[in-house]
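The block underneath contains the structure these notes are about, expressed in structure tokens.
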Amino acid sequence: MKYPFFSLLVAALWGAPLHAQQPRAIQQAAQDDQSDRPTIDVEAYSIEVTLAPQEHRLTGRADIKFKQLDRKTYATFDLDRRLRVDRASIGGADVRFRQFDVDSTVEIDLSNQQFNSNPVLHIEYSGILDPEQSRREPVLARVSEDSAFLLYEGKWFPINGLYRDKADMRLKLNVPPEWTLVTDVPKAGDGFASNQPSYWGTVAAGKYTTTSYKSEKAEIAVHSVKADADIVKSMAESVGKVFDYYSQRFGPPPSSNFRVVEVEGANWNAQWSIGMLLLPSSQLRKDFDLPALAATVAHQWFPLKIGVKDPSSDAWLIDGMAQFASLLYFEQTLSPAEAQEHIKKALVKALAYEGTTSIRQAGGLDKDSPDYRSLVEYKGAFVLRMLRWVIGDDNFNKLLSAYLNQFETTPVSTEGFEKLASEAGGGDLGYFFDQWLNGSGIPEFKLEYTVFRQKDGYKVLGQVKQDLDLFKMPVEFQVQTDGDPEYARVEVVGESSEFEVKTERKPKFVVIDPREKILRMSSDIRIAVLVNRGEELANEGKYNDAIDQYQKAVDIDSHNSLALFRMGEALFELGNLQAASGMFQEALNGDLKPKWVEVWAYINRGKIFDIRGQRERAVTEYQKAANTGDDSYGAKAEADKYVKEPFRRAGKTTIG
């Protein structure tokens, strides 16, 4: 929270510029909470920046044209705390300012300005953006000897909040002559400029190799540093297909020129801006993550085309909508069975951190936290999937059209979206949004039924139970018969609901929600959630915590090969080779789902035998792997390699 500057205190507070003041003795507000700020509307930024790679230094000059929308005597801008303001002026006259490290803001004194004027604020600033500093935090602005990237969210120029105030942009960048500049701002003369208000301000610079690809609706360019040419081409083609589908489904993006840029020194998986996607070198690989790529590309529409009023409580309409867009893409381009795999993964990730935190509350969490990704991105996406099921495909398409038309120039709120959904669905959907956005809790269905023979077929009469008293949702039932399955839509209200389904052929059994249209829990899903949690912990190097999650899954199903395999991997990383070998063998004795578990369990057992100096046994395992004929994730090349030469594990200590 920031205190207003009352006129009686101005003389005392505003002396010479107060650099790097001590943090104020109040609790820092949430990052996106700017409700107590003076209200201004920035019309245009004009930025000139010089990068000095050897010093890791950025030197900047910013001219900011804005309107005051209230009568407060100061304005607040965000600026990376590593960048220090040297001078601020309006109309050539110096103005007082003070800079706060606690929330990376600069406050500018406007007490001598006329309220009805539109001042142009001039700020000069500089600082060291050392690539090795603050590695525990996401690196959003970096200048190194051979490259640089400056993200919009990096606050490398004074900005009026993130994703709140679209503005025009003029940009001039001074970099070494051998560097290539890539920015979201269109080229104009010797600089870059756009008179189209938007969230401009992402830059990458370095010695790039550019690969171009033209899709039906976009010009795709990949600027790479060291990625293999075949990988770059494959990624460009994939991005083009995703881009074309979104353009057809959601209308034209802010820019039809889309650049994918490889960056070095990043500690995140992806960052995006208008017409740009920045990926660390580790993401440009043969088996690149297409679902993550598809969701990231969707940010060109959400929020860069359709923004939100509150970046916290409405965050699900950005990140949840982007994930939902990727599911729509897979439904359109893959077979039903293949698309269902992506839907199942999204369901499992959505339930990974289910507890008492609602989706709208989770919007205020750290965006890089697993809780945020689970609740806002994946659960938010599934809320949209459930909404489509509730109101039907035709009404949902009407909703999307109205949403895109009405909010292209005006930020949307959850309440505004709910109103549109109710209009499209033909009834009040307040119960739906309250249940899934403001509440928590997931149903777990139990089914009891009896089959009766009738003259014209069969009747299934039964009862479905779940433990949420206020639950209300239509649920899909699949009745397996001796012919094609038959489907029925049953309205489930409260803890217990009766149902009746008629079929022509004799029913064998009934399946609830076979196509995963509802967020729900079951024994199989619970196991998948536990394995997913373990995988996320293992990715963070927390192998003992990961083993705890895998063990919980095995306690439910002792033949779950994936849980056993993952436990073997974690034990292998911890150096407990005896236990790891046993787990890989248990995985081979299990249900062998998914199929690739078999080939990689053999390969990993071979590596363990090689480490222990048992070469003959190792070769036998590699040959078993080759004999499966499974080349998942490059298994064949891996097995062939170690048949010819022993596996060596450098720098690891074994304990078992």
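Observations on the model:
- Residues in region 592-616 that are surrounded by fewer than 15 Cβ atoms within 10 Å (Cβ to Cβ) and within 32 Å of the chain's Cα centre (by Cα): LYS593, PRO594, LYS595.
- So ARG142, is it modelled with pLDDT under 95, part of a strand (DSSP E or B) and surrounded by 16 or more Cβ atoms within 10 Å (Cβ to Cβ): yes
- Taken over region 76-94, the residue count meeting the criterion of being of a type outside the set (Val, Ile, Thr) and more than 32 Å from the chain's Cα centre (by Cα) is 8.
- Any hit, region 217-224, residues being among the polar types (S, T, N, Q), under 20 Å from LEU151 (Cβ atoms) and either assigned to a loop (DSSP other than H, G, I, E, B) or touching a residue at least 12 places away in the same chain (Cβ under 8 Å) (or both): yes
- Residue list for region 209-253, filter: buried (at least 17 other Cβ atoms within 10 Å of the Cβ), at pLDDT below 95 and over 20 Å from PHE288 (Cβ atoms): PRO253
- Subset of region 519-561 [surrounded by 14 or more Cβ atoms within 10 Å (Cβ to Cβ) and under 21 Å from the mean Cα position of the chain (by Cα)]: LEU519, ALA528, VAL529, LEU530, VAL531, ASN532, ARG533, GLY534, GLU535, GLU536, LEU537, ALA538
- Checking the stated criteria, SER198 turns out not to satisfy the condition of being more than 30 Å from PRO158 (Cβ to Cβ), in contact (Cβ under 8 Å) with a residue 60 or more places away in the chain and of a type in the set (S, T, N, Q).
- Filter result for TYR353 (in a loop (DSSP other than H, G, I, E, B) and crowded, with 19+ Cβ neighbours inside 10 Å): yes
- Selection count, region 275-334, where residues are part of a loop (DSSP other than H, G, I, E, B) and not aromatic (Phe, Trp, Tyr): 19
- Near pairs, Cβ below 6 angstrom, 6+ apart or cross-chain, from region 256-272 (part of a strand (DSSP E or B)) to any residue that is crowded, with 17+ Cβ neighbours inside 10 Å and at pLDDT below 90: GLU262/ALA227; GLU262/LEU284
- When we screen ARG388, ARG360 for residues that are under 30 Å from PRO197 (Cα atoms) and touching a Phe, Trp or Tyr at 6+ places or on another chain (Cβ under 8 Å), the only hit is ARG360.
- Scan of region 430-454 for residues that are assigned to a loop (DSSP other than H, G, I, E, B), closer than 30 Å to LYS419 by Cβ and aromatic (Phe, Trp, Tyr), ordered by number: none
- Of the criteria (1) out of contact with any Lys or Arg (no Cβ under 6 Å at 6 or more places or on another chain); (2) crowded, with 18+ Cβ neighbours inside 10 Å; (3) at pLDDT 95 or above; (4) under 30 Å from LEU530 (Cα atoms), which one TYR403 fails: (4)
- For region 330-347, the criterion of being under 16 Å from LYS517 (Cβ atoms) and acidic (Asp, Glu) is satisfied by at least one residue.
- Single unsatisfied condition, LEU564 versus (1) touching a Leu at 6+ places or on another chain (Cβ under 7 Å); (2) surrounded by 24 or more Cβ atoms within 10 Å (Cβ to Cβ); (3) under 22 Å from LYS344 (Cβ atoms); (4) of a type in the set (A, V, I, L, M): (1)
The values are calculated or read from the model by the stated rules, or taken from the named source; none is laboratory data. In this text, all values refer to a predicted model and were calculated from it rather than measured experimentally. Counting neighbours? That spans all protein chains shown, and the Cβs are built from the backbone with ideal geometry, glycine included.
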